[in-house]
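Trainee: The structure is given below, and queries will be raised subsequently.
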Amino acid sequence: MIWRCRDRVFDFAHGPLVMGIVNLTPDSFSDGGRYLDPASAVARIRELAALGADLIDLGAESTRPGATPVASDEQLRRLMPVLELALADPALCISVDTASAAVAERALAAGAQVVNDVSGLGDPDMAGIVAKSGAGLVVMHMQGTPATMQARPSYDDVVLEVREHFVERCARAHAAGIAQESIAIDPGIGFGKTTAHNFELLARLDELGEFERPVLIGVSRKSFLGRALDLPADQRLDASLAATAIAVFHGARIVRTHDITPTIRAVRIAAATRAARRD
Ligand code: HH2
C-alpha cells in the first residue's frame, strides 16, 4: 500500500507514520494559544520533525466539541505565514487541517502536501481542488458538526455507518478525479461519538481494512480517555499511548499526536506485535 501526497510517496515500509499536531488557534483543547506567533509555531514544527514526526498537521480552526466555525479569512490569516515559513524547508511534509475548500486551495498553492478534512469532503468545492493538486487527502468521519456533535451521538452500528460514509465519500473523491492512492481514511475518534462508540471503533478498527487505504487515527489526549480515567488533558499521555498501540495493532497506519517520542515508541511495539500475527 502507498499513500501519494504530491511528490511524497509513503510506502509504510518502516511501519506506521507519525503525524505531529501544531494548532495555530487560541482555543484548541490541548495546545490552544501556544503557537499564535508564527516564529513559535515554526520552532515547534521543526522540533516535532527533529523528534521524528513524518508529517506535521497544521490546524487554524479548533474542532473540539462545542467549537464555533472559524471563517476562511481568519484561518488563512493564522495559517499562511506559518505555512510559508515551514515550506521553505523542503524536508518537511505539511498537512493542513481544514474543512474549507478556500483555505485548502491557498495552502495547496503554497505547496502543502496533504489536506486533512475532518468534514470528509463536506465543502462541495473541496474534492475538485484536491484533485487538481495531486495532494494527499484525509477523509474523516464525523456525525454532525463540532458545534453540536456531542449533544446526542447515535448509531445502530457505529463501524457500519463509518464504513458507509467512506464508501460514499471515496466515490465522491474518485468522481472528482482524486487518485485512490492519495486517500487516507479516519473514523474520527471523538467526532460525534460517545465513549463507548470510540472504544468500539478502536476494537473493530480491522474492519476498515476492506478499503485498502491507510487508516489514520487521532486519539491524542482526547476527552474519552479523560472520561475513562477521570484525568484532565495534560495527564492523558499514558492513556493516549495505550489507545494508539491498540489502534496500530488493529491496522492504523497513520497516528496523529501531540507527543512524538513516546508515540513513536508505542507505535513500534504495536507494529512489531501486529507483524507477528499469523492471520
Ligand atoms: N482530531 C482533532 C483535529 N483534527 N483530524 C483528523 N484527521 N483526525 C482527528 O482525530 C482529529 C483531526 C482534534 O484534536 P486537536 O487538533 O488536538 O484539537 P482541536 O480540534 O481543539 O484543535
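The values are calculated or read from the model by the stated rules, or taken from the named source; none is laboratory data. Note that the coordinates shown come from a computational prediction; the quantities given were computed from them, not determined experimentally. Glycine also receives a Cβ, built like all others from the backbone with ideal geometry; neighbour counts cover every protein chain displayed. Just so you know, the surface numbers come from the protein's heavy atoms only, side chains and all, with ligands and any DNA or RNA stripped out. Shrake-Rupley method; radii C 1.70, N 1.55, O 1.52, S 1.80 Å.
Trainee: Rounded, prolate or oblate: which fits the range 195-245, taking a ≥ b ≥ c as square roots of the Cα gyration tensor eigenvalues, rounded meaning a/c under 1.5, else prolate when a/b beats b/c?
Mentor: prolate
Trainee: Roughly how many debye, to the nearest 20, is the charge dipole of the range 210-256 about its Cα centre, given +1 on each Lys and Arg Cβ, -1 on each Asp and Glu Cβ, and no other charges?
Mentor: 140
Trainee: Let me ask another. To the nearest 20 Debye, how big is the dipole of the range 1-135 about its Cα centre, given +1 on the beta carbon of each Lys and Arg and -1 on that of each Asp and Glu? Could you put the intermediate results ahead of the total?
Mentor: Values: 11 positive and 18 negative charges, 35 e Å.
With only Lys, Arg, Asp and Glu charged at Cβ, the dipole is about 160 debye.
Trainee: Whole-Å semi-axes of the range 102-220's equivalent ellipsoid, largest first, each the root of 5 times a Cα gyration tensor eigenvalue?
Mentor: 25, 16, 12
Trainee: Helix by helix through the chain, keep the DSSP H runs that span 15 Å or more along the axis on Cα and average at least -0.5 on Kyte-Doolittle, and give those back in order.
Mentor: 38-51, 72-87, 158-176, 237-249, 260-275
Trainee: Next up: Could you provide, to the nearest whole Å², the per residue accessible area of the chain with probe 1.4 Å? Kindly include the intermediate steps, with their values, before the conclusion.
Mentor: Numbers: 11860 Å² over 279 residues.
Per residue, the chain has an accessible area of 43 Å².
Trainee: Sticking with this structure for a sec: Of all the accessible heavy-atom surface of the chain, with the other protein chains kept in place and a 1.4 Å probe, what percent is carbon and sulfur?
Mentor: Reported share for carbon and sulfur atoms: 53 percent.
Trainee: Something else now. Note the full-extension length gain between VAL9 and THR261 as 0.36 nm times their separation in residues minus their Cα-Cα distance, in nm to one decimal.
Mentor: That pair, VAL9 and THR261, stretches by 88.4 nm at full extension.
Trainee: Rank ALA252, LEU241, ALA147 by how far each Cα sits towards the positive end of the charge dipole of the range 147-278 (+1 on Lys, Arg Cβ; -1 on Asp, Glu Cβ) and give me just the farthest.
Mentor: The listed residue farthest towards the positive side: LEU241.
Trainee: Give me the Debye-computed log₁₀ of I(q)/I(0) at q = 0.14, 0.15 Å⁻¹ for the range 1-150, equal point scatterers on Cα only, no solvent, two decimals.
Mentor: Log10 I(q)/I(0), no solvent term: -0.64, -0.74.
Trainee: In the Gaussian network model of the chain, springs joining C-alpha atoms below 10 Å, which of ASP234, ASP123, ASP57 carries the largest mean-square fluctuation?
Mentor: Evaluated over the chain, the most mobile residue of the options is ASP234.
Trainee: Suppose R0 equals 41 Å. What FRET efficiency, 1/(1 + (r/R0)^6) with r the Cβ-Cβ distance, do ASP125 and ALA43 give to the nearest 0.05?
Mentor: Once rounded, the FRET efficiency stands at 0.80.
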